[in-house]
Amino acid sequence: MKYSHFSTSQNGFIPKFAAVILFAGSLFCSQQSKAEQTSWFVSGQIGSASTDISTKSLTSSLNDQGALIDSVSIKDSDTGYQAAIGYKFNAIYSLQIGYVDFGERHFSFTGEVTDLDSFHSTMKQIYPESATGPQISLLASWPISKEISLTGKLGYLDWHQDYQYQADSSQLVKAKRSGSSVTFGIEASFALFKNTQVFLSYDHAALDATDASMLSIGARYYYD
């Protein structure tokens, strides 16, 4: 059966570095935390999100299940965003709850598939992963100067992904995957005003089969 397939899904730094920031923050906290006022805050960030996957690996997986592939096209990156509300406990530690979206992924190929059951099973395994859902994170900040600080982030993401693909001209298959993942990140922030920070952030999530990451810019506002 000859056909073309198209589908759409919804939706460096290492974890040890984030852990070092968290640990360093705990040491610094004993000297500085009492001087800082607790505060609620809101934050938002937007940037480029991507999935660690290659055309070669997808083609190989489809060939292994008997498909004859003519061409493969992958869009493994998209715009991602995160919005959160949180509470600053002291000079170092904050806790935030938010919603993160690593964007959509697209995957298309042309070729011939003889075993549709095997094809559907393979698609569940190889379709490019992304994630969207609620996230809770612990933040630990380490001041570099009066205006600049580094922040390590360690969190938990309860994610899902809706996607669909067409096996022939008449059959549209809709599917969903979900899971829970540990996330980590690192952030460099600048105090723009008394209650406002701007920051550059790298965030990473280990999904079921692949990893998703996002490089973004954002802002955080602290309430008096």
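The values are calculated or read from the model by the stated rules, or taken from the named source; none is laboratory data. Owing to the predicted nature of the structure, the values given are computational and were not obtained by experimental measurement. Neighbour counts run over all protein chains shown; Cβ positions are idealised from the backbone, glycine included. Surface accessibility is based on the protein's heavy atoms, side chains included, excluding ligands, DNA and RNA. Shrake-Rupley method; radii C 1.70, N 1.55, O 1.52, S 1.80 Å.
Taken together, the residues in segment 79-105 that are open to solvent by 40 Å² or more (accessible area, probe 1.4 Å), within 21 Å of residue 128 (Cβ to Cβ) and of a type outside the set (Phe, Trp, Tyr) amount to 2.
Among 133, 152, which is the only one that is on the phi > 0 side of the Ramachandran plot, surrounded by 15 or more Cβ atoms within 10 Å (Cβ to Cβ) and assigned to a strand (DSSP E or B)? Among 133, 152, only 133 is on the phi > 0 side of the Ramachandran plot, surrounded by 15 or more Cβ atoms within 10 Å (Cβ to Cβ) and assigned to a strand (DSSP E or B). In this entry, residue 144 is excluded by the filter for residues that are exposed (fewer than 14 other Cβ atoms within 10 Å of the Cβ) and under 25 Å from residue 77 (Cβ atoms). Against the numbered list (1) farther than 21 Å from residue 79 by Cβ; (2) out of contact with any Asp or Glu (no Cβ under 9 Å at 6 or more places or on another chain), residue 190 comes up short only at (2).
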